[in-house]
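To keep things clear, I will list the structure first and then write my remarks on it.
The values are calculated or read from the model by the stated rules, or taken from the named source; none is laboratory data. Everything numeric in this text was worked out from a predicted model, so none of it was measured. As a convention, Cβ positions derive from the backbone with ideal geometry for all residues, glycine included, and neighbour counts pool all protein chains shown.
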Amino acid sequence: MHEYSLTKQIVKIVNRAASEHNAKRVTQVRLVMGASGGIIPESVQMYFDQIAQGTLAEGAQLTLRLVAPQMHCPVCNQNFTRPRFSFECPICGTLGSPTDIGNEFYVEGIELETDEPSIRKG
Amino acid sequence: METKDVQIMEDIYAENDQVSEGIQQDLSARGIYAINVLGAPGAGKTTCLINIINRLPGITPYVIEGDIQSDIDTRRLNDLGIESVQINTNGACHLEGVQIQNMLPKLSLSKPGILFVENIGNLVCPAEFMIGEHMKILICTVTDGADKPYKYPLAFEKAAAVLLNKADLLPYVDFDRAYFTKGVQALNPDAPIFLVSGKTGEGFNEVCEWIKARL
């Protein structure tokens, strides 16, 4: 159910951008998602297919870029990918602190079809 | 027909975050401090709330209860004279800002005080959605096992305090407190961990002193 409400929001964002750009239809939606968000990509696509029906986003293919959660080691002063069941830096063993990397969830962009030729202002 | 690529870069949580900020400002203007209470099913969230509310005389409590189904918790609170209303999500795993916004008119909110929002029993999604709170508290138990910070890091990262409930059961379970504490401190070095028992009342005076200091 988590995916359902988020996917509604995705469809809303995509359709708003699609109408702003006078799209005929959206062919691709690129999502970026932190792997620690607990979201199942297959569920997002399934809900997307349902919710997008009858809108500009109907039939669009979702592509998902997963971002592995990173922690920051204060001693080595660098990030490391969070191991399972531990927060220890793989190099020095110090406890890392959380970063925002791995929590993101945003619509990066869309690919759309339009009748209008691209207008380049200059 | 032209194909065009459009950059959007829009956060999927942004709209909920905006609604939540509005709720928080509205509550602050009324002198109400909102606490989002997270915890797994059976962690003792309602029992902890009752223990806290009973130890905060002179501070008006309001409660929004979130449950997938039933109004058992709300009736329990109302029977104790605590003004509470129920949200049933009918399957959804967390509360969102809009739901809280819709419930606020159903509470009197006539005096300054504390609004406790008991979220759906779940350590995953409720951590992702702000609901207008000034802070989150997380209720865990010694019977859950000490690995919870490692399995559900976001909930621990976002909580201002962790209540470790069912302390009365410590002698009967193999709970590795050092491992638990280490995990919480890595994620959230500022969050105090209060050992409490909803059954005996142990530890709640300290919790309430800490809450009062944050108001």
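Just so you know, in the range B:113-152 the residues that are over 23 Å from B:Ser197 (Cα atoms) and among the small types (Gly, Ala, Ser) include one that is farthest from the chain's Cα centre (by Cα), and it is B:Gly113. Taking B:Ile59, is it more than 22 Å from B:Asn165 (Cα to Cα), among the β-branched types (Val, Ile, Thr) and modelled with pLDDT of 95 or more? Yes, satisfied.
For beta carbons closer than 9 Å, sequence separation of 6+ or different chains, a first residue in the range A:57-79 that is on the phi > 0 side of the Ramachandran plot and assigned to a loop (DSSP other than H, G, I, E, B) and a second that is of a type in the set (Asp, Glu) and surrounded by 15 or more Cβ atoms within 10 Å (Cβ to Cβ), the qualifying pairs are A:Gly59/A:Asp49. Of the strands (runs of 3 or more DSSP E) lying entirely inside the range B:69-177, those carrying at least 1 residues that are within 14 Å of another protein chain (Cβ to nearest Cβ) are B:83-88. Of the numbered criteria (1) part of a strand (DSSP E or B); (2) within 14 Å of chain A (Cβ to nearest Cβ), the one B:Ala34 fails is (2). The set of residues in the range A:9-49 being touching a helix residue (DSSP H, G or I) at 6+ places or on another chain (Cβ under 7 Å), over 21 Å from B:Leu154 (Cβ atoms) and facing another protein chain (nearest Cβ under 10 Å) consists of A:Val26, A:Val29. B:Lys166 meets each of the listed conditions (1) over 25 Å from A:Gly93 (Cα atoms); (2) within 14 Å of the chain's Cα centre (by Cα) apart from (2). Say we look at the range B:178-198 and pick out the residues that are assigned to a loop (DSSP other than H, G, I, E, B) and of a type in the set (A, V, I, L, M, F, W, C); which of these is surrounded by the fewest Cβ atoms within 10 Å (Cβ to Cβ)? Here the answer is B:Ala191. Scan the range A:88-95 and give yes if some residue there is facing chain B (nearest Cβ under 9 Å) and either in contact with a Cys (Cβ under 6 Å, 6 or more places away or on another chain) or touching a residue at least 12 places away in the same chain (Cβ under 8 Å) (or both), otherwise no. Taking every residue of the range A:88-95 in turn, none turns out to be facing chain B (nearest Cβ under 9 Å) and either in contact with a Cys (Cβ under 6 Å, 6 or more places away or on another chain) or touching a residue at least 12 places away in the same chain (Cβ under 8 Å) (or both).
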